[in-house]
Amino acid sequence: MKTINLLGSTGSIGVQTLDVARAHGYKIEALAAFSDVDGIEKQIREFKPRYAALVDENAAKDLKTRVADMDVTVLSGMEGVCFCGAEAKGEITLNSVVGMAGLKPTLDAVNAGKTIALANKETLVAGGHLVTEAAKRNNVSILPVDSEHSAIFQCLLGAPSNKALKRIILTASGGPFFGKTKEELQNVTLQDALKHPSWSMGQKITIDSATMFNKGLELIEAVWLFDVSPDMIDIVVHRESIVHSLIEYDDNSVIAQLGHPDMRLPIQFAITYPERFSSPEKQLDLWEIGNLTFYKPDYENFPCMNICRDAITKGGLYPAAVNCANEEANLLFRQGKISFLQIPELISLASEYTLKKQDFTLQDVFDTDSLMREKVRELAKV
């Protein structure tokens, strides 16, 4: 039975990972989160990890007092999170930390030889070649947790090699604003943007889904996960969220992975791979579903997909730049300081300041993060 270090334990993916652990009796060696003391205390009392960490120093102090009766070492700061991912004895580190903050914990866990179950897109978007080269050096597997990348991974398991692969087709739900014109998007609110039609997720990723930036991130991530060029990846809008993604071979045969929109299945497969266990996802009834529909993406009114495609095509620090600019623009929208349509505008404008450097270090990525956040706020005049 595999053991798990879980980063981002109190978020949506983290909670569903613990559902899987509970169902199959997996041992949790470490838990890490940002500041949710109540949430992580409950998790510690149920799963009895050896280590726990909170990024927020004051929250960590509070947690240490609350669980003084437990045999758990409480750590704090990003150093504590990295320790939980890399030094705790779990065989698998599942990283569901939100945003750029997930990059260093992933790299540390890779360098410690942990198998990575990756739910943090930004790890590969911002640090693609750094992470993949480290994984090769340390003979570490990176297993996708995102439903789309898990679907592609599952479809590719039947392939003799990637040489016959012609195309990857990423499916997108289209988010809450599918079919909307630019005029209709002019005055949408945060609450409008948070009404996702298929998935229950945190606010940041739900807004990314509304702008379709999330699909752009997945395109970049797929380039690194599956070692393909950006022009081998297409996007199709699929409102039902039943077909999670597809692959096409040179003979034009297309293979898809289907299932209900339940993140516990891709989470579980990343943990149990190469085995399959019974799952909490209900059985797929095609008669009940009735119809599956597919549409071309609206690149004009949702330009974030092409912003990301252009960034990975340029390479270097551009993917990191658009990711970091988006994180800041997304935050400003959630704070009510900019409009929905300003998000792609600010990403495009800020990314023009990217340092043109193909070979980069982890520090270059962090410097780009700081620069992009500064430029977005400067351009937004906030």
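The values are calculated or read from the model by the stated rules, or taken from the named source; none is laboratory data. Quick caveat: nothing in here was measured; it's all calculated off a predicted structure. So basically every Cβ, Gly included, is an ideal-geometry build from the backbone, and we count neighbours across all protein chains shown. Areas reflect the complete protein model, heavy atoms only, side chains present, ligands, DNA and RNA absent. Shrake-Rupley method; radii C 1.70, N 1.55, O 1.52, S 1.80 Å.
Yes or no: ALA23 touching a residue at least 40 places away in the same chain (Cβ under 8 Å) and surrounded by fewer than 16 Cβ atoms within 10 Å (Cβ to Cβ)?
When the stated conditions are applied, ALA23 passes them.
For the range 273-291, which positions are loosely packed, with under 15 Cβ neighbours inside 10 Å and assigned to a loop (DSSP other than H, G, I, E, B)?
Listed by number, the residues that qualify are PRO274, GLU275, ARG276, PHE277, SER278, PRO280, LYS282, GLN283, LEU284, ASP285, GLY290, ASN291.
Taking THR189, is it surrounded by fewer than 14 Cβ atoms within 10 Å (Cβ to Cβ), within 19 Å of SER209 (Cβ to Cβ) and either within 22 Å of the chain's Cα centre (by Cα) or not charged (D, E, K, R) (or both)?
Answer is yes for this residue.
Conditions (1) out of contact with any Lys or Arg (no Cβ under 8 Å at 6 or more places or on another chain); (2) farther than 19 Å from GLU218 by Cα; (3) surrounded by fewer than 23 Cβ atoms within 10 Å (Cβ to Cβ), marked per residue:
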residue: VAL37; (1), (2), (3): no, yes, yes
residue: LYS42; (1), (2), (3): yes, yes, yes
residue: LYS89; (1), (2), (3): no, yes, yes
residue: ASN95; (1), (2), (3): yes, no, no
residue: LYS104; (1), (2), (3): yes, yes, yes
residue: LYS114; (1), (2), (3): yes, yes, no
residue: LYS121; (1), (2), (3): yes, no, no
residue: GLU133; (1), (2), (3): yes, yes, yes
residue: ARG137; (1), (2), (3): yes, yes, yes
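Is it the case, given these coordinates, that SER173 is buried (at least 18 other Cβ atoms within 10 Å of the Cβ) and closer than 23 Å to ILE116 by Cβ?
When the stated conditions are applied, SER173 does not pass them.
Criterion first (among the aromatic types (Phe, Trp, Tyr), open to solvent by 30 Å² or more (accessible area, probe 1.4 Å) and within 24 Å of ILE207 (Cα to Cα)) does PHE294 satisfy it?
Judged against the criteria, PHE294 is a match.
Identify, please: which residue in the range 340-356 is open to solvent by 80 Å² or more (accessible area, probe 1.4 Å) and of a type outside the set (A, V, I, L, M) and is, among those, nearest to THR313 (Cα to Cα)?
LYS356
Hey, among the residues in the range 4-19 that are open to solvent by less than 10 Å² (accessible area, probe 1.4 Å) and in a helix (DSSP H, G or I), which one's farthest from ASP38 (Cα to Cα)?
THR17
Is one or more of the residues making up the range 254-272 among the aliphatic types (A, V, I, L, M), open to solvent by 30 Å² or more (accessible area, probe 1.4 Å) and either under 27 Å from LYS27 (Cα atoms) or in a helix (DSSP H, G or I) (or both)?
yes
For PRO144, state whether it is under 22 Å from PRO297 (Cβ atoms) and touching a Lys or Arg at 6+ places or on another chain (Cβ under 6 Å).
no
Do we find a residue being part of a helix (DSSP H, G or I), over 24 Å from TYR299 (Cα atoms) and of a type in the set (A, V, I, L, M) anywhere in the range 348-367?
Within the range 348-367, one or more residues are part of a helix (DSSP H, G or I), over 24 Å from TYR299 (Cα atoms) and of a type in the set (A, V, I, L, M).
Select from the range 297-339 the residues that are part of a loop (DSSP other than H, G, I, E, B) and either of a type in the set (Phe, Trp, Tyr) or open to solvent by 60 Å² or more (accessible area, probe 1.4 Å) (or both) and list them in ascending order.
TYR299, GLU300, PHE302, GLN335, GLY336, LYS337
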